[in-house]
Amino acid sequence: MADGPLQLQFVMSATRVEDLPPTQGEVAVVGRSNVGKSSLVNAMANRNQLAKVSKTPGRTQLLNLFEMADGTTLMDLPGYGFAKVPGRIRADWPKMIEGYLQRREGLASVIVLIDAEIGPTPLDVSTLAWLRELGVPIRVVATKQDKVKSSKRDKRKRDLAEGCGLATRDVLWVSASKNVNIVELRRRVRSWVRFEDDDDPDDPDGRS
Ligand code: GDP
């Protein structure tokens, strides 16, 4: 079903892009540690424990690859800016990710997750700038929509998008906890992996 859960299956963890199997089309998901990435991957797949694999010891700093039913793939990139990670490992993050971003054949777009309540942080902003410099197509998704009071949401949406250098309608707001816009995000992921630009400007918040 087009709007049903993404049929994600864990394939492998890798440190180098050269070790990854070929893909028909891939979206990569990235964000600050604790931004809600695992919760969102689980919600898209409608599986509680799926992204847990990316959080097991030894895997948190790796490229974690998931396959969808039709040979397209989702790459769960390591979270950035985790305070508990020693500085040396933090410094290695851009190097490993840069290799992936520059050399992954079939990479269709990178989904950058931003915390709806607190983002974009300075680290989010510099990560966005760096991704743009590398020339990879970026989609911004704001997580934890439910944490922003509905009375504050319109202003927060404008501020968050502006902080990311985007129009308000270019940011999809989602909540994994409250299941907000998850169907819309699945729909977009399915089109992004096919290199289609399926954002609907008439329906910026995916309310349909
Ligand atoms: P990750 O480190 O980016 O993979 O983030 P997690 O998915 O582990 O989530 C980090 C924390 O945010 C956890 O305590 C989650 O329960 C919480 N969280 C994740 N998504 C949501 C959401 O949509 N709404 C709310 N309120 N909390 C969330």
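One table, with the values for the structure above:
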quantity: Test result for Leu134, open to solvent by 40 Å² or more (accessible area, probe 1.4 Å) and out of contact with any Phe, Trp or Tyr (no Cβ under 9 Å at 6 or more places or on another chain); calculated: yes
quantity: Residue list for the range 154-185, restricted to those being charged (D, E, K, R) and in contact (Cβ under 8 Å) with a residue 12 or more places away in the chain; calculated: Arg156, Lys157, Arg169, Asp170, Lys178, Glu184
quantity: Matching residues in the range 24-38 - criterion: being in a strand (DSSP E or B), near the ligand (Cβ under 10 Å from one of its atoms) and within 8 Å of the chain's Cα centre (by Cα); calculated: Val29, Val30, Gly31
quantity: Residue match in the range 62-75 (condition: over 19 Å from Thr127 (Cα atoms), open to solvent by 60 Å² or more (accessible area, probe 1.4 Å) and modelled with pLDDT under 95); calculated: yes
quantity: Residue count, the range 78-109 (criterion: at pLDDT 90 or above and touching a helix residue (DSSP H, G or I) at 6+ places or on another chain (Cβ under 6 Å)); calculated: 7
quantity: Number of the exception - Ala167 against (1) among the small types (Gly, Ala, Ser); (2) under 16 Å from the mean Cα position of the chain (by Cα); (3) more than 24 Å from Leu62 (Cβ to Cβ); calculated: (2)
quantity: Which numbered condition Gly163 fails, given (1) at pLDDT 95 or above; (2) within 26 Å of Glu26 (Cβ to Cβ); (3) open to solvent by 10 Å² or more (accessible area, probe 1.4 Å); calculated: (2)
quantity: Pairs, first within 13 Å of Gln7 (Cα to Cα) in the range 39-67, second among the acidic types (Asp, Glu) and part of a helix (DSSP H, G or I), C-beta under 7 Å, six or more apart; calculated: none
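The values are calculated or read from the model by the stated rules, or taken from the named source; none is laboratory data. If you're wondering where the values come from, they're calculated on a predicted model, not measured in any experiment. With ideal geometry, Cβ positions are generated from the backbone for all residues, glycine too; neighbour counts draw on all protein chains shown. Just so you know, the surface numbers come from the protein's heavy atoms only, side chains and all, with ligands and any DNA or RNA stripped out. Shrake-Rupley method; radii C 1.70, N 1.55, O 1.52, S 1.80 Å.
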